[in-house]
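Novice: Sending over a structure as structure tokens; questions will come in a sec.
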Amino acid sequence: MTWLITGGAGYIGAHVVRAMTEAGERTVVYDDLSSGIAGRLPADVPLVEGSVLDAGRLADVLAGHGVTGVVHLAAKKQVGESVERPLHYYRENVEGLRVLLEQVTKAGVASFVFSSSAAVYGMPDVDLVTEETPCLPMSPYGETKLAGEWLVNATARATGLSTACLRYFNVAGAAEPALADTGVFNLVPMVFERLTVGEPPRVFGADYPTPDGTCVRDYIHVVDLADAHVATARALQASPGRTLTLNIGRGEGVSVREMIDRISAVTGHHLPPTVLPRRAGDPPSVVASAERVCAELGWQAKHDVQEMITSAWEGWVRLHPETARQ
Ligand code: WQD
């Protein structure tokens with residue numbers, strides 16, 4: 001099989017490429033390099049620069065490389081930005097996927113893995129979110145991921161394409177420092193940034209109905225997430241026509257306060273956090289039930305929060321060497 005990894009030069013995509021190639025799969029990356037970095041890719045993995053809105057270029061790549069499976073990660077992923085620019089998000093994430101699926105079905109590709117998100121659930125009011133928990137996204141970003149799942153599932157029903165929608169929970173960590181996330185839009189890098197400029201980390205709300213009053217999330221190591229893609233790819237390859245919708249999480253909730261304490265311990269930067277008002281749209285608790293993915297794929301996460309923070313910090317120090325504490 002040859003797998004086309006769209007968004008393969010991104011933070012998560014590059015980890016997926018690494019895991020797939022280490023598992024012996026042939027991969028080709030398709031990325032517009034709007035936020036991806038070519039240097040994240042192994043030298044022997046071909047990179048085709050292009051947009052998922054470019055049907056002609058996609059058709060050329062699918063035929064030219066004999067692509068038999070696609071892992072589609074190319075997307076816009078900032079919740080706040082999606083509120084400001086919903087049409088841009090719908091164009092890139094929904095129209096981009098529609099164009100890709102059209103070319104995928106025309107080219108006779110057998111398997112399609114779609115990068116979805118726990119954002120499809122919105123504000124779940126259950127302790128553990130199962131795949132049957134109602135999807136009520138709270139942002140245009142989450143809406144585009146849910147609409148994407150509908151497109152994928154409808155295409156599977158119409159064409160027999162084997163598909164998987166993987167709902168990622170909160171991804172952190174890195175396989176090696178050079179693959180770390182370079183953005184600062186999530187809790188771990190935001191706390192690194194504050195601590196290393198000598199500012200107290202911020203807690204957005206400490207009056208939630210959770211054990212310590214701060215929001216609870218299910219953090220997953222990007223290496224585990226990438227391995228879940230390998231397991232998914234293998235499962236689709238082995239069972240033509242199979243369709244899966246799976247939570248990819250650890251099934252363990254960690255609060256913002258616990259994360260900040262652990263980050264301080266790992267980085268050696270200690271500053272008591274400032275409690276600010278709640279951030280609009282934040283659900284109190286989003287923790288995956290990881291039962292279905294284990295039952296369907298035999299996959300479960302191996303790495304804990306400590307490893308996520310330590311590896312993310314090594315990546316941060318690589319980019320900002322002056323912030324390392326002896
Ligand atoms: C985690 C918690 C913040 C920074 C989003 C998307 C999701 C996925 C991942 C996808 C929240 C709190 C944060 C800070 C804080 N995106 N926080 N102080 O919002 O759970 O999920 O990113 O591709 O779809 O919704 O992640 O890392 O932003 O926040 O208190 O400085 O940390 O309020 O409770 P979130 P996050």
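Novice: List the strands (runs of 3 or more DSSP E) that sit entirely inside the range 203-304 and contain at least 2 residues that are crowded, with 16+ Cβ neighbours inside 10 Å, more than 13 Å from the ligand (Cβ to nearest atom) and not acidic (Asp, Glu).
Specialist: Passing ranges, in order: 243-248.
Novice: Within the range 55-67, is there a residue that is within 15 Å of the ligand (Cβ to nearest atom) and touching a Gly at 6+ places or on another chain (Cβ under 8 Å)?
Specialist: no
Novice: Is the range 75-88 home to any residue that is among the hydroxyl-bearing types (Ser, Thr, Tyr), touching a residue at least 40 places away in the same chain (Cβ under 8 Å) and in contact with a Lys or Arg (Cβ under 8 Å, 6 or more places away or on another chain)?
Specialist: Yes, some residue in the range 75-88 is among the hydroxyl-bearing types (Ser, Thr, Tyr), touching a residue at least 40 places away in the same chain (Cβ under 8 Å) and in contact with a Lys or Arg (Cβ under 8 Å, 6 or more places away or on another chain).
Novice: For the range 157-181: of the residues being open to solvent by less than 50 Å² (accessible area, probe 1.4 Å) and hydroxyl-bearing (Ser, Thr, Tyr), which is farthest from LEU244 (Cα to Cα)?
Specialist: Filtering first and then ranking leaves TYR168.
Novice: Quick one: which residue in GLU314, GLU307 is assigned by the TED database to the domain that holds VAL203, surrounded by fewer than 18 Cβ atoms within 10 Å (Cβ to Cβ), touching an Asp or Glu at 6+ places or on another chain (Cβ under 9 Å) and in a helix (DSSP H, G or I)?
Specialist: GLU314
Novice: Any residue that is away from the ligand (no atom under 16 Å from the Cβ) and out of contact with any helix residue (DSSP H, G or I) (no Cβ under 7 Å at 6 or more places or on another chain) - is there at least one of those in the range 68-82?
Specialist: Within the range 68-82 (the criterion being away from the ligand (no atom under 16 Å from the Cβ) and out of contact with any helix residue (DSSP H, G or I) (no Cβ under 7 Å at 6 or more places or on another chain)), the answer is yes, since at least one residue qualifies.
Novice: Report, by residue number, each residue of the range 182-202 that is more than 7 Å from the ligand (Cβ to nearest atom), farther than 10 Å from LEU271 by Cβ, surrounded by fewer than 16 Cβ atoms within 10 Å (Cβ to Cβ) and touching a residue at least 24 places away in the same chain (Cβ under 8 Å).
Specialist: Once the filter is applied, which keeps residues that are more than 7 Å from the ligand (Cβ to nearest atom), farther than 10 Å from LEU271 by Cβ, surrounded by fewer than 16 Cβ atoms within 10 Å (Cβ to Cβ) and touching a residue at least 24 places away in the same chain (Cβ under 8 Å), the range 182-202 yields THR182, GLY183.
Novice: Turning to a different aspect of this structure: Quick one: count up the residues across the range 39-54 that are over 17 Å from MET20 (Cα atoms) and of a type in the set (A, V, I, L, M, F, W, C).
Specialist: 3
Novice: May I pose another question? Just to be sure I understand, how many residues within the range 110-123 are more than 15 Å from the ligand (Cβ to nearest atom) and open to solvent by 10 Å² or more (accessible area, probe 1.4 Å)?
Specialist: So the count comes out to 1.
Novice: Can you say whether VAL184 is at negative phi, outside the structural domain of GLY96 (by the TED database) and in a strand (DSSP E or B), as far as the supplied structure shows?
Specialist: When the stated conditions are applied, VAL184 does not pass them.
Novice: As an exercise: evaluate THR323 against (1) among the polar types (S, T, N, Q); (2) at pLDDT 95 or above; (3) surrounded by fewer than 20 Cβ atoms within 10 Å (Cβ to Cβ) and give the number of the one condition it does not meet.
Specialist: Only one criterion in (1) among the polar types (S, T, N, Q); (2) at pLDDT 95 or above; (3) surrounded by fewer than 20 Cβ atoms within 10 Å (Cβ to Cβ) is unmet by THR323, namely (2).
Novice: Would you mind stating whether ALA154 is outside the structural domain of ALA288 (by the TED database) and open to solvent by less than 40 Å² (accessible area, probe 1.4 Å)?
Specialist: Against the criterion (outside the structural domain of ALA288 (by the TED database) and open to solvent by less than 40 Å² (accessible area, probe 1.4 Å)), ALA154 does not qualify.
The values are calculated or read from the model by the stated rules, or taken from the named source; none is laboratory data. Predicted model only: the values in this text are computed from it and were never measured. All Cβ positions, even for glycine, are placed from backbone atoms using ideal geometry, and neighbour counts span all protein chains on display. SASA here: full protein model, heavy atoms, side chains in, ligands and nucleic acids out. Shrake-Rupley method; radii C 1.70, N 1.55, O 1.52, S 1.80 Å.
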